Each structure stands twice: as structure tokens, then as C-alpha cells.
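Read through the structure below, which is laid out as C-alpha cells, and then see the notes.
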Amino acid sequence: MKRLWFAVVFLVVAGSLSTIEVISVQNDYYDFIDTVDRARLAVMNSDYEKADKISEKMKEDWYEKEKHLNYFLEHSSLDEVGTEIAGLTDYTDDLSRNEFLSVTDKIKRQFASLYRSELPYGENIF
């Protein structure tokens, strides 16, 4: 009977930690996607100064969140996203508009892939 209680407590703790992980990654995912969308909108409206400020803020936020996300996600994928975010401010001018939009699309795809990899789907579990 003692083993059964231990197993139940262990499953509850493991389930709780998994739920916290998914919710944490989900919140970070939506925050960064919202920020990327605001930067894209600024570039589409030719407000490059605003896009530069948003991109710089995103870079600062990324360095803080990356430490937290390293506990949950694959490090090499996070490094790729970090590299793209760090270089985003290089494209906040009229001549690099298409590159900026391309890089933000890539960032969004990478974030979506990271987020989907954390969801409790059968393909992620087995």
C-alpha cells in the first residue's frame, strides 16, 4: 500500500510540473509572437524607428527568457532563434524591409515549432 501512495504522489508531482512547463512555454510563446507581430506591423507602416525599438526590446527580453527556456527546450533550437533575434535590428531600414519581414517569418516559424514540441501530443511523448 505504501508503494501505491508513493506512485500516486509521484504521478501528481510529475503531472503538475509538466503542466507548469507547458503553461510557461505557452506564455513566452504568445508574448514573443505578439512582439514580432508588432515589429512587423511597424515595418509595414514604414515606421522603422519604432520597429528598431521593438526589436531592441525583444532582444533584451530574449536574453532574460532564454535562461528560463533552456530548462525546458532544446538548446540548439533556442540558439537559432536567439541568433535571428539578435540580428533583427540590422534590417530596420527601408532598404532591408523584405529581409526584416523574412527574418520575422522565420522567427515565428521557429517559435511555433518549439511550442508544438512541448505540447503533450502522442508524437512528442513516444
From fewest to most C-beta neighbours within 10 Å, the residues LEU114, LEU11 line up as LEU11, LEU114
Going from the fewest other Cβ atoms within 10 Å to the most, one would list ILE23, ILE107 as ILE23, ILE107
Sequence gap of 8 or more, or different chains, plus Cα separation below 15 Å: how many lysine pairs satisfy both in the chain?
4
As a footprinting exposure proxy, order GLU118, GLU56 by other Cβ within 10 Å, with the fewest listed first.
GLU56, GLU118
Helix hunt in the chain: which complete DSSP H runs extend at least 20 Å axially by C-alpha with mean Kyte-Doolittle at least 0.0?
2-44
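Values in this text are rule-based calculations from the coordinates and carry no lab data. Model, not experiment: these values are computed from the prediction. In this analysis, Cβ positions are derived from the backbone assuming ideal geometry, glycine residues included, and neighbour counts consider all displayed protein chains.
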